[in-house]
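Peer 1: Can you keep this structure in mind? I'll have questions shortly.
The values are calculated or read from the model by the stated rules, or taken from the named source; none is laboratory data. Quick caveat: nothing in here was measured; it's all calculated off a predicted structure. So basically every Cβ, Gly included, is an ideal-geometry build from the backbone, and we count neighbours across all protein chains shown.
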Amino acid sequence: MNILGLLTALALATGHAAAQQDPRELLEAIYSNAKAAYAERNFVEAVKNFELLKTNIPEWKDNYFNLATAHLYGGSIGQAFEVLDEVVTKYPEDAELASKYCSIIASMLNQPNDFVYPERYKSSQAMLNVCIKAVKLAPEDAQVYITLASLLTLLKEYKAAISIFDDWLLRFGHENAEATRGAKNSLTETLVRNGDYDRAFELALEVFEQDPSPENRQKVAYVRKIGWPIDLMAWEYQKESVEQMVAGYDTSNPLICKTNKQWRVAFNYSQEATLHPDKISVSLLNPETAYKTYGNPNDPVFVGPELKIYPRMYHERWIHLVNIQDAFISGHPGIIHSDCTLYTGSHHVNTDLQSFRDKETEIREIPYRAVSIIQHQTRNYYHWMLEALPKLLLLKKHLLDLQGYEDVRIIVPEKGIAGCIDATLNMPEFDSLRHRFIPYTLPTNTRYHFPKGLHVVDWIHPLDDTHQTLHKNLWSAYWPPREIHHLVRSFFHDALKSRNRFPSLSPNNHVGEIVYVSRLNTVRGFPNEAELLEYLSQRFGERLQIHTGSEEQLEQVAIFTRARVVAGTHGAGLMNYIFAQPGAALVFVPMNPLIEFCFGHIVSAMEGTHYLLTSIPGSHYHGIYETLSKSEMIVMGNTIETALEDVLSRNEGGATELDHEEL
C-alpha cells in the first residue's frame, strides 16, 4: 500500500476522535517535513520524522528504507542496519524487501568513501546472508542474482563471484542486451581482481566493440593498466575515455557553465593560465629543480630474473600554486572545474571521474577564499602522506601563513575516514589552521562552489620526457616530485625533534636497523608471514623491528628513522622508507606482473638503493602471495643481510644525526 492509501486508512480508522487535527493531515505534514529535511541534508530531522511515521504506520514497509537511508547519510550505519534488520525480520518472506536490503549493502560496500567501514557494524557473512536469502526468495530475479555476485566481489570472494556471473550470463544473458553488457563489465572487474587479465581484456574489448561508450572504453583501459606494465594502449584508451566522457557532460546549469557551451578537459594548468589569464593563474614553486634528472641507472639489484620493464631515471615535475577565480569541486577525488572546464591536474588522463556528477546536485557555496587538498584515494596512507599532506604543507608555506590570507578556508577530508589523516591534522603543527578547516562531506551528492576563488598546489610531468618513465604512464600520476618526498621527511623528522622523540642514530647502535613491513592477513601478503617473521627474528635478533601499521603515527616515523634496511611486499607501508637513514636500502618482493613502480621511484627520489626479490613468486595487484618455502625465507634473509652490509660500508659505519640535518 502506498503512503496516500495508508494515511487514508488511518484517518478512516480514527474517525472523528481527533476533530481538532485530522490525523491524515498530521501524518502528511510529518512526511513532508521528513522529505524536506532529507533534501536539505538535515538528516537528524529527517530521522526524527521518519521515525514518527514508523511508530504511527508500522506496516508501511517503504518507510523503513527511508529511515535507514537517512541514518546512512547521517553517518549512523549501525542504526541503519538495525532498521533494515527489523523490517526483514518482520516480513521474512517478502522477496522485494530482501532484495532492497541486499542492494543497499552492495551500494555501501561499493562506496567506501561515503560509507566508512560498514563491516564494523555487520559482519561480512551476515551481509552475505542477506543477499543469499534474497536470491532464495526470488530465484528467477536476475537483478538480485547479479547483486549477489557483485557483493561477493566486494567481499573478495572472487571465484564464487565469477561462478555466479557465468551462471547469470547463461540464464539471463539473452534477455536484455544492456543488462548483459553491464553484467559482463562487472564480471570483467571481478576477473581483474582474481588476476585473470587475459579473459578480462577479451571481455572488456567485446563489450566496447558492441557499445563504444566512454565508460566501456575506460574499462578496457582499466584492465590494461592493471594487467600490463606501462601499457600504451591503456594510456590511449584512458585519454580518449576522459575526453569523450567530459565532452558529453550536460551544460544546462548557467552557474556551472557561464560562458562555455561545451564541456572540455584541461590537462595542464600552466597552458590554461596562458590561454585564459582572466580565469586561472599559476606560480612555479620549484624553478631551480623543475625538469632536472634524478635516479640511478644501476639500481635496482635483481635477486632473480631481471624485469624487462623497470623505470630508473626521472625528470623532476613542475610544482605550481594554482589560483582559479570561480571554481567548483565535486566527486571523491575533489575534481576541480570552472566554466565547463574540467581540470585533471597531476593525475592527467588518469583522473577518476566515477563519482563526478555533471548534472544537478546540491551546491554548497563557500563564501570565502579557499584551498583544497582533496584528491584521488585521499584515505589511502600512501596517497595521504605523499600527495595530499605535502600540498597542505606547501599551501601553508606559500599562502596560508602569509599576511592578507588569514580568511582563506581549507577543504580537508572529513574526520573518521582514515586514522592517519585524523592523526596528522590533530598535530600541534596545524593548530593555527584548524579553525579554518571545512570537511569535505558527501562528495558524491554535493558540489562545492568557490565564487571567491580556489587555490591548489599541483604538479605536472613533462611532455618532453626523455627518460620515457612519466609521460603516457597511467601509474606515474601517483608519483610525486622528488622535492615532495624530502618535504614530508623533514616535516615529520622536525616533529619528532620538537618533541624530543628523534632516535639516537649512533653508528654503533644497531637496534631496529632492519624494519620489516607486515601485511599479515591482507592483500599482497604472505599466507605464512608469521613463520617468516619468526625466521627473521631468530636470524637478526634486536636488529629487526616489525612494523604493523597499528603504531601511533609519530612512533611509526621513529621506527623507520632508525632503519638502514626496509623490507616487505608491495603495499602502502613501504612508503615509510622516506623516513629511513640516508642511503638506506629497500628489499621487497614485487607484484607479478609489476605494474606500479612507485617504491622504486621513492628510492630514486631519496637517493637510496633497492633489491627486488624476483626469484620469489609475486602476487597480482589484488591477490595474495604464495606460501613462502624455507629456502625462499633464507633468500630474503640473505638479501637483507647483503643490503645492510652495503649500506654500512657506503656510510662508513652508519648514519649520524648530522646526516639528517643536512637534508
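Peer 1: If only one of 624, 546, 616 is in contact with a Phe, Trp or Tyr (Cβ under 6 Å, 6 or more places away or on another chain) and either in the same structural domain as residue 492 (by TED's automatic domain parsing) or surrounded by fewer than 22 Cβ atoms within 10 Å (Cβ to Cβ) (or both), which one is it? Spell out how you get there, then give the answer.
Peer 2: Numbers: 624 fails: in contact with a Phe, Trp or Tyr (Cβ under 6 Å, 6 or more places away or on another chain); 616 fails: in contact with a Phe, Trp or Tyr (Cβ under 6 Å, 6 or more places away or on another chain).
Matching residue, one of 624, 546, 616: 546.
Peer 1: I'm trying to understand the selection: among the residues of region 136-166, which are loosely packed, with under 14 Cβ neighbours inside 10 Å and over 31 Å from the mean Cα position of the chain (by Cα)?
Peer 2: 136, 139, 140
Peer 1: Do the conditions hold for residue 483, that is, is it surrounded by fewer than 18 Cβ atoms within 10 Å (Cβ to Cβ) and under 24 Å from residue 334 (Cβ atoms)?
Peer 2: Numbers: surrounded by fewer than 18 Cβ atoms within 10 Å (Cβ to Cβ): no; under 24 Å from residue 334 (Cβ atoms): yes.
No; evaluated as a whole, the condition is false for this residue.
Peer 1: Okay, moving on. Pull up region 323-355, narrow it to residues that are touching a Gly at 6+ places or on another chain (Cβ under 8 Å) and buried (at least 23 other Cβ atoms within 10 Å of the Cβ), then point me to the one that is nearest to residue 483 (Cα to Cα).
Peer 2: Here is the first cut: in region 323-355, the residues touching a Gly at 6+ places or on another chain (Cβ under 8 Å) are 323-327, 336, 351-355.
Applying the additional criterion that residues be buried (at least 23 other Cβ atoms within 10 Å of the Cβ) yields 324, 327, 336, 351.
Values: 324: 24, 327: 28, 336: 24, 351: 22 Å.
For region 323-355, the residue satisfying everything is 351.
Peer 1: Checking the condition of a type outside the set (Lys, Arg) and either assigned to a helix (DSSP H, G or I) or touching a Cys at 6+ places or on another chain (Cβ under 7 Å) (or both), which residue from 438, 421, 417 passes? Quick ask: steps written out before the conclusion?
Peer 2: On the way: 438 fails: either assigned to a helix (DSSP H, G or I) or touching a Cys at 6+ places or on another chain (Cβ under 7 Å) (or both); 417 fails: either assigned to a helix (DSSP H, G or I) or touching a Cys at 6+ places or on another chain (Cβ under 7 Å) (or both).
Just a single option satisfies the conditions, and that option is 421.
Peer 1: Okay, moving on. I need a count of the residues in region 359-390 that are assigned to a loop (DSSP other than H, G, I, E, B) and under 21 Å from the mean Cα position of the chain (by Cα).
Peer 2: Step one: filter region 359-390 for residues assigned to a loop (DSSP other than H, G, I, E, B), giving 359-361, 366-369, 373-380.
The next check asks that each one be under 21 Å from the mean Cα position of the chain (by Cα); those that pass are 373-380.
The qualifying residues number 8.
Peer 1: Within region 469-476, does at least one residue satisfy the condition of being free of Cβ contacts under 8 Å to residues at least 60 places away in the same chain, loosely packed, with under 14 Cβ neighbours inside 10 Å and outside the structural domain of residue 237 (by TED's automatic domain parsing)?
Peer 2: no
Peer 1: Hey, another quick one. Can you say whether residue 540 is under 21 Å from residue 619 (Cβ atoms), in the same structural domain as residue 621 (by TED's automatic domain parsing) and either part of a helix (DSSP H, G or I) or touching a residue at least 40 places away in the same chain (Cβ under 8 Å) (or both), as far as the supplied structure shows? Spell out the reasoning first.
Peer 2: Numbers: under 21 Å from residue 619 (Cβ atoms): no; in the same structural domain as residue 621 (by TED's automatic domain parsing): yes; either part of a helix (DSSP H, G or I) or touching a residue at least 40 places away in the same chain (Cβ under 8 Å) (or both): yes.
So residue 540 does not fit the description; no.
Peer 1: Right, here's the next one. Assess whether residue 393 counts as being surrounded by 17 or more Cβ atoms within 10 Å (Cβ to Cβ), of a type in the set (A, V, I, L, M, F, W, C), over 16 Å from the mean Cα position of the chain (by Cα) and within 18 Å of residue 453 (Cα to Cα). Give the steps one after another, and end with the answer.
Peer 2: Numbers: surrounded by 17 or more Cβ atoms within 10 Å (Cβ to Cβ): yes; of a type in the set (A, V, I, L, M, F, W, C): yes; over 16 Å from the mean Cα position of the chain (by Cα): yes; within 18 Å of residue 453 (Cα to Cα): no.
Spelling it out, it is not the case that residue 393 is surrounded by 17 or more Cβ atoms within 10 Å (Cβ to Cβ), of a type in the set (A, V, I, L, M, F, W, C), over 16 Å from the mean Cα position of the chain (by Cα) and within 18 Å of residue 453 (Cα to Cα).
Peer 1: Then there's this: Can you pull out the residues in region 439-452 that are closer than 19 Å to residue 322 by Cβ and surrounded by fewer than 17 Cβ atoms within 10 Å (Cβ to Cβ)?
Peer 2: Correct list: 451 only.
Peer 1: A further question on this structure: Would you pick out the residues in region 105-117 that are assigned to a helix (DSSP H, G or I) and surrounded by fewer than 21 Cβ atoms within 10 Å (Cβ to Cβ)?
Peer 2: Going through region 105-117, the residues assigned to a helix (DSSP H, G or I) turn out to be 105-110.
Across region 105-117, the qualifying residues are 107, 109, 110.
Peer 1: Could you go through region 575-583 and let me know if any residue there is more than 27 Å from residue 652 (Cβ to Cβ), under 22 Å from the mean Cα position of the chain (by Cα) and surrounded by 22 or more Cβ atoms within 10 Å (Cβ to Cβ).
Peer 2: yes
Peer 1: Give me the pairs: first residue in region 257-285 and in the same structural domain as residue 359 (by TED's automatic domain parsing) and at negative phi, second residue part of a loop (DSSP other than H, G, I, E, B) and aliphatic (A, V, I, L, M), beta-carbon distance under 7 Å, and six or more apart or on different chains, which are they?
Peer 2: As it stands, the answer is 284/290, since those pairs meet every condition given.
Peer 1: In region 53-72, which residues are within 16 Å of residue 103 (Cα to Cα) and among the aromatic types (Phe, Trp, Tyr)?
Peer 2: 64, 65
Peer 1: Just checking, does region 307-319 include any residue being outside any loop (DSSP other than H, G, I, E, B), at pLDDT 95 or above, surrounded by 23 or more Cβ atoms within 10 Å (Cβ to Cβ) and within 23 Å of the chain's Cα centre (by Cα)?
Peer 2: yes
Peer 1: What is the one condition in (1) surrounded by 13 or more Cβ atoms within 10 Å (Cβ to Cβ); (2) within 30 Å of residue 429 (Cβ to Cβ); (3) modelled with pLDDT under 95 that residue 517 does not satisfy?
Peer 2: Among (1) surrounded by 13 or more Cβ atoms within 10 Å (Cβ to Cβ); (2) within 30 Å of residue 429 (Cβ to Cβ); (3) modelled with pLDDT under 95, residue 517 violates only (3).
Peer 1: Can you pull out the residues in region 124-178 that are charged (D, E, K, R) and on the phi < 0 side of the Ramachandran plot? Even if it seems obvious, please write down each step before you answer.
Peer 2: Applying the first criterion (charged (D, E, K, R)) to region 124-178 yields 133, 136, 140-141, 156-157, 159, 166-167, 171, 175, 178.
Listed by number, the residues that qualify are 133, 136, 140, 141, 157, 159, 166, 167, 171, 175, 178.
Peer 1: Please work out which one of (1) touching a residue at least 24 places away in the same chain (Cβ under 8 Å); (2) under 24 Å from residue 180 (Cβ atoms); (3) outside any helix (DSSP H, G or I); (4) not small (Gly, Ala, Ser) is the condition residue 245 fails and give its number.
Peer 2: With (1) touching a residue at least 24 places away in the same chain (Cβ under 8 Å); (2) under 24 Å from residue 180 (Cβ atoms); (3) outside any helix (DSSP H, G or I); (4) not small (Gly, Ala, Ser) applied to residue 245, the lone miss is (3).
Peer 1: Among the residues in region 81-97, are any closer than 23 Å to residue 418 by Cα and touching a residue at least 24 places away in the same chain (Cβ under 8 Å)?
Peer 2: We begin by selecting, within region 81-97, every residue closer than 23 Å to residue 418 by Cα; these are 81.
If we keep only those that are touching a residue at least 24 places away in the same chain (Cβ under 8 Å) as well, we get 81.
Yes: region 81-97 contains one or more residues that are closer than 23 Å to residue 418 by Cα and touching a residue at least 24 places away in the same chain (Cβ under 8 Å).
Peer 1: Now, a different point. Which of the residues spanning region 248-292 are within 26 Å of the chain's Cα centre (by Cα), closer than 20 Å to residue 481 by Cβ and outside any loop (DSSP other than H, G, I, E, B)?
Peer 2: 269
Peer 1: Right, here's the next one. Within region 481-489, can one find any residue that is acidic (Asp, Glu), assigned to a helix (DSSP H, G or I) and touching a helix residue (DSSP H, G or I) at 6+ places or on another chain (Cβ under 9 Å)?
Peer 2: If we filter region 481-489 for residues that are acidic (Asp, Glu), which is where we start, we get 483.
After this cut, where a residue has to be assigned to a helix (DSSP H, G or I) as well, the list is 483.
From what is left, the residues that are touching a helix residue (DSSP H, G or I) at 6+ places or on another chain (Cβ under 9 Å) are 483.
Among the residues of region 481-489, at least one is acidic (Asp, Glu), assigned to a helix (DSSP H, G or I) and touching a helix residue (DSSP H, G or I) at 6+ places or on another chain (Cβ under 9 Å), which makes the answer yes.
Yes/no per residue for (1) touching a Lys or Arg at 6+ places or on another chain (Cβ under 7 Å); (2) under 27 Å from residue 442 (Cβ atoms); (3) not acidic (Asp, Glu):
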{"site": "40", "(1), (2), (3)": "no, yes, no"}
{"site": "93", "(1), (2), (3)": "no, no, no"}
{"site": "103", "(1), (2), (3)": "no, yes, yes"}
{"site": "117", "(1), (2), (3)": "no, yes, yes"}
{"site": "122", "(1), (2), (3)": "no, yes, yes"}
